[in-house]
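All remarks here apply to the structure that follows.
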Amino acid sequence: MRMRTTADPSGFCAHCHVSSGRHKIPFMLFCTLVVASRAEIAEEEDVLVLKKSNFDEALAAHPNLLVEFYAPWCGHCKALAPEYAKAAGMLKKEDSDIRLAKVDATEETELAQEFGVRGYPTIKFFKGGEKESPKEYSAGRQANEIVSWLKKRTGPAVSTLAGVTEAESLIADNEVSVIGFFKDAESDDAKAFQKAAEAIDDIPFAMTADDAVYSKFEVSKDSVLLFKKFDEGRNTFDGELTKENLLAFVKANQLPLVIEFTEQTAPKIFGGDVKSHILMFLPKAASDFQEKMDQFKKAADGFKGRILFIFIDSEVDDNQRILEFFGLKKEECPAIRLITLEDEMTKYKPESSAITAESITKFCTLFTEGKLKPHLMSQEIPEDWEKNPVKVLVGKNFEEVAFNPKKNVFVEFYAPWCGHCKQLAPIWEKLGEKYKDSADIIVAKMDSTANEIEAVKVHSFPTLKFFPAGEEHKVIDYNGERTLDGFSKFLESGGKEGGAPAGDDDDDLDAEVNHLD
């Protein structure tokens, strides 16, 4: 990879005049020392390479700076890299004052800690050289989406289109764009358009009063058009033009009727306003793929803005974790599932396995009417579930064991792939061994990737919860030290030492369940 360096252009000649007087430093030597005293900022493919030693200098030199905190081994970071570099090059070619930078968070751990980096990639926008409260990047991972988001953050929310060429360029350069046609820029409708534009970061808004632009797009009166490079190509706003109505219009039309889950689309899917998602798991290579996709898309049209329709290629290796999350195997696809991503994630499974527009529409209608019961996964109860010191719980035997009024039950909710869970395993086994002969204490574990229960929502792994004896069905979170001694004191104190009421648990652990990577 080709590298070059840039030094801050300010300051080189500004100090040359001080080389006179009794400090007889030769002119060229002094200038060399001035430049050398500044930490040079390396670049890789137009992206600044930042470290703790040059971070503050970069902020001072570049008032609008987007910084990616990455890990060299991270698959998402590797997928982002070419688009991130492309965006950096686009901005540099325009002579923009916006620059893109990156920090290897595995090497620059102090910077990562300072800015609260808890996953990769984490992307933050620093404006005006300020280190405090940088803005989290929240748009897509394509170069044009990165550039569009940055321009909305640094420039006017609404650009002015003087003619047809500018309008055509806006539409051609962006996956989605919104144009307001207003003869009077001070009208109430135009002002509502401006307010809506200020509320959306990742879509460019423009306004025009030019007759030729009106004519080109066959607009006869003031209106708002959304242009997109998919589905029907354009949508016309209809109704009372208020900020709220316009935002709802954009939200309903900015994504394809059916969006494929990929590295690039994940931020749009999880970061959008629509938190109810229906997923179709289907091999893209299947002979009836297009037939099923057409049925799925037909059903999607009736739920725009309410339910996001997502297609997942069940044969892609990177998607296997998602199948596992829904308790599916490749052999069980095609399949349909629905999930809500509100405060508590809830999954739903249709009664019928048929993938037709009619069956999917019926399923979604029952969901919107609140008539569906959550689908809770469970493995079968192992024959030897209580043979070992650490008892094995599944969905089907959980309540019977955990809420036994005569037992104090301490449960680890784990994921087989979780690194922290693997580290905890030998300690948990020792804890089980210590209390295996106890009359009222049970140490247990449950694989939460394959089992779900209504009473406990697991957000991170491992999650440790204590179910004290009694009829109240109490749940206490364990927040103490993850040591044999810490666990023992907690159990001996009846869940008081190291415990907290359920709901106060810390999710700062290995894997949030909605980060399915």
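Some notes on this structure:
- Solvent exposure of segment 43-154 amounts to 45 Å² per residue of accessible area, where only protein heavy atoms count and the probe is 1.4 Å.
- Of the whole protein surface, Asp301 contributes about 90 Å² of accessible area at a 1.4 Å probe radius.
- Label-point separation, Thr262 to Lys191 (7 Å along Cα→Cβ), nm: 4.3
- Figure note: Arg234, Arg118, Arg306 ranked by solvent-accessible area, largest first, 1.4 Å probe, ligands and nucleic acids not counted: Arg118, Arg306, Arg234.
- Assigned charges on the beta-carbon of Lys, Arg, Asp, Glu; segment 259-369 dipole about Cα centre (debye): 220
- Acute angle (nearest 10 degrees) that the helix 75-93 long axis makes with the longest principal axis of the chain, alpha-carbon atoms: 10
- Using just its DSSP H runs of length 4 or more, each adding -39500 (n - 2.57), the chain gives a mean residue ellipticity at 222 nm of -9000 deg cm²/dmol after division by all residues.
- Estimated FRET transfer efficiency when R0 is 35 angstrom, pair Phe289-Glu342 (beta carbons, to 0.05): 0.65
- Each label was represented as a point 7 Å from its Cα along the Cα-to-Cβ direction; for Ser493 and Lys434 these points are 1.4 nm apart.
- Atom-type composition of the exposed protein surface of the chain places 49 percent of the accessible area on carbon and sulfur (1.4 angstrom probe).
- Segment 158-252, relative contact order in percent, only Cα pairs under 8 angstrom and at least six apart counted: 36
- Taking a sphere under 10 Å around the Cβ of Ser223 and counting the other residues whose Cβ falls inside, with K and R at +1 and D and E at -1, yields a net charge of -2.
- Segment 341-416 - charge dipole about Cα centre, Lys and Arg +1 at Cβ, Asp and Glu -1, debye rounded to 20: 120
- Other residues whose C-beta falls under 14 angstrom from the C-beta of Ala185 contribute a net charge of -3, scoring Lys and Arg +1 and Asp and Glu -1.
- Here's the list of lysines a cross-link from Lys102 could span, going by alpha-carbon distance under 20 Å and ignoring same-chain residues fewer than 8 apart: Lys51, Lys52, Lys78, Lys86, Lys92, Lys93, Lys124, Lys127, Lys131, Lys135, Lys151.
- Over 18 Å [Cα-Cα, segment 391-501], rounded percent: 44
- Degrees separating the helix 188-198 axis from the principal Cα axis of the chain, which is the longest one: 70
- The chain, relative contact order [Cα under 8 Å, separation at least 6], %: 8
- Sequence-separation-based contact order of segment 60-138, relative, with Cα cut under 8 Å and 6+ spacing, percent: 48
- Using alpha-carbon coordinates, inclination of helix 289-300 to the longest axis of the chain, degrees: 80
- Restricting segment 174-266 to GluC sites (Glu not before Pro) that sit in a DSSP loop and have at most 11 other Cβ atoms within 10 Å of their own Cβ leaves Glu186, Glu218, Glu232, Glu240.
- Dipole magnitude of segment 43-154 about its Cα centre (Cβ charges: Lys, Arg +1; Asp, Glu -1), debye to nearest 20: 440
The values are calculated or read from the model by the stated rules, or taken from the named source; none is laboratory data. Keep in mind it's a predicted model, so treat the numbers as computed, not measured. Neighbour counts are summed over all protein chains in view; Cβ atoms, including those assigned to glycine, are modelled from backbone coordinates with ideal geometry. Quick note on the areas: whole protein, heavy atoms, side chains included, nothing else; ligands and nucleic acids left out. Shrake-Rupley method; radii C 1.70, N 1.55, O 1.52, S 1.80 Å.
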